[in-house]
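Trainee: Structure provided below as structure tokens; questions to follow.
Quick note: the coordinates plus some simple rules give every number you see, no bench work behind them. As the structure is a computational prediction, the values presented were derived from the model and not from experiment. Don't worry about glycine lacking a Cβ; one is built from the backbone with ideal geometry, like all the others, and counts go over all protein chains shown.
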Amino acid sequence: MRLDILTILPKLLEGPFNDSILQRAQEKELCEIHVHDIRSFSTDKHRKVDDYSFGGSAGMVMTIQPILDCVKSLQKERNYDEVIYMTPDGEQLKQNKANHLSLKKNLIIICGHYKGIDHRLRENIITMELSIGDYVLSGGELAAAVLTDSIIRLLPGVLNDETSALTDSFQDNLLAPPVYTRPADYNGWKVPEVLRSGDFKKIQEWQENQALERTKQLRPDLLEGED
Ligand code: 6GU
């Protein structure tokens, strides 16, 4: 899988992509992540990437030219499955969307700033608009990092058996059961006996039951819809 991320703040994305699981996935050549500085595509002599909003509402708007030129230069090289725009008014990212995107080959992700990008880009080149929740971030970069992490960890070979994504919360619309490690008794705080019984069937039943009960209690909405 190849991800091309367009941003005016490339430095913001260096941290998340150059550590831990995302770094290892790239080193193992399971994915390529390319960060592009939108500003370097600006034909303006001051490398401007934004301008005043028509109609006079407060705040600057990201202009068409540098973003469109960057997207077009990428699309000349290869076919992209989606051109994703990160925006608080997009569809909220859920596990099923991450699963779906992890099967794609090439994705472009555009990070918005200021009051957003010129709406004509959204009408003409964007194929998917995603938000990561009902709150506003200063820009799309952190949201793009969240999206990227949620996709890359699902690629075959990125996680080992012990960290397998199959046992994550949300994969089956259930929260994960509680987990414990040694010591079995920490000054009187005890691990549930069943987990130490060695009875695999009983342990599995307990975990399934805990997952269901915790979901009912903490996230009953997950049990209602398909999302
Ligand atoms: Cl994708 N962008 C911004 N700026 N804020 C957000 C978001 C995205 N998702 C939630 N809040």
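Trainee: Estimate the FRET efficiency between Lys105 and Asp168 by the formula 1/(1 + (r/R0)^6), using the beta-carbon distance for r and 30 Å for R0, to the nearest 0.05. Working shown, then result.
Mentor: Numbers: r = 23 Å, r/R0 = 0.78.
The computed FRET efficiency comes out at 0.80.
Trainee: Mind checking the full-extension length gain between Leu137 and Leu155? Use 0.36 nm per residue of separation minus the Cα-Cα distance, one decimal, nm.
Mentor: Numbers: separation 18, 0.36 × 18 = 6.48 nm, distance 2.73 nm.
3.8 nm is the gain from fully extending Leu137 to Leu155.
Trainee: What's log10 of I(q)/I(0) for the stretch 1-129 at q = 0.10, 0.20, 0.21 Å⁻¹, Debye sum over Cα points only, no solvent?
Mentor: Here the Debye-derived log intensity ratios amount to -0.34, -1.29, -1.39.
Trainee: Which stretch or stretches of the stretch 89-117 have amide N atoms under 16 Å from the point lying 7 Å from Ala58's Cα along the Cα→Cβ direction?
Mentor: The answer is 114-116, whose backbone nitrogens lie closer than 16 Å to the label point.
Trainee: Using the per-residue mean of other Cβ atoms lying within 10 Å as a proxy for protection, in what order, highest first, do the peptides 181-189, 50-58 fall? Kindly include the intermediate steps, with their values, before the conclusion.
Mentor: Values: 181-189: 8.3, 50-58: 10.4.
The packing order, highest mean first, is 50-58, 181-189.
Trainee: Give me the distance in nm between label points sitting 7 Å out from Cα along the Cα-to-Cβ direction at Trp189 and Ile203, one decimal.
Mentor: 2.1 nm
Trainee: Run the numbers on the chain and let me know its relative contact order in percent, using alpha-carbon pairs under 8 Å that are six or more apart. Write down the numbers at each step before the final one.
Mentor: Values: 324 pairs, mean separation 46.1, N = 227.
Computed over the chain, the figure is 20 percent.
Trainee: Could you name the lysines in cross-link range of Lys97, using Cα to Cα under 27 Å and dropping any fewer than eight places away on the same chain?
Mentor: Those lysines meeting the cut-off are Lys11, Lys28, Lys72, Lys76, Lys105, Lys115, Lys216.
Trainee: Additional query: When Cys70, Cys111 are ordered from fewest to most other Cβ atoms inside 10 Å of their Cβ, what list results? Don't jump to the answer; show the numbers that get you there.
Mentor: Numbers: Cys70 21, Cys111 28.
So the ranking, lowest neighbour count to highest, is Cys70, Cys111.
Trainee: Tell me, what ³J(HN,Hα) does each residue in the stretch 181-189 have, in order and in whole Hz, if you take phi through Karplus 6.51 cos²θ - 1.76 cosθ + 1.60 with θ = phi - 60° and put x for Gly and Pro?
Mentor: Couplings: 9, 5, x, 5, 9, 9, 6, x, 7 Hz.
Trainee: Between Ala176 and Arg47, how many nm apart are label points set 7 Å from Cα along the C-beta direction?
Mentor: 4.1 nm
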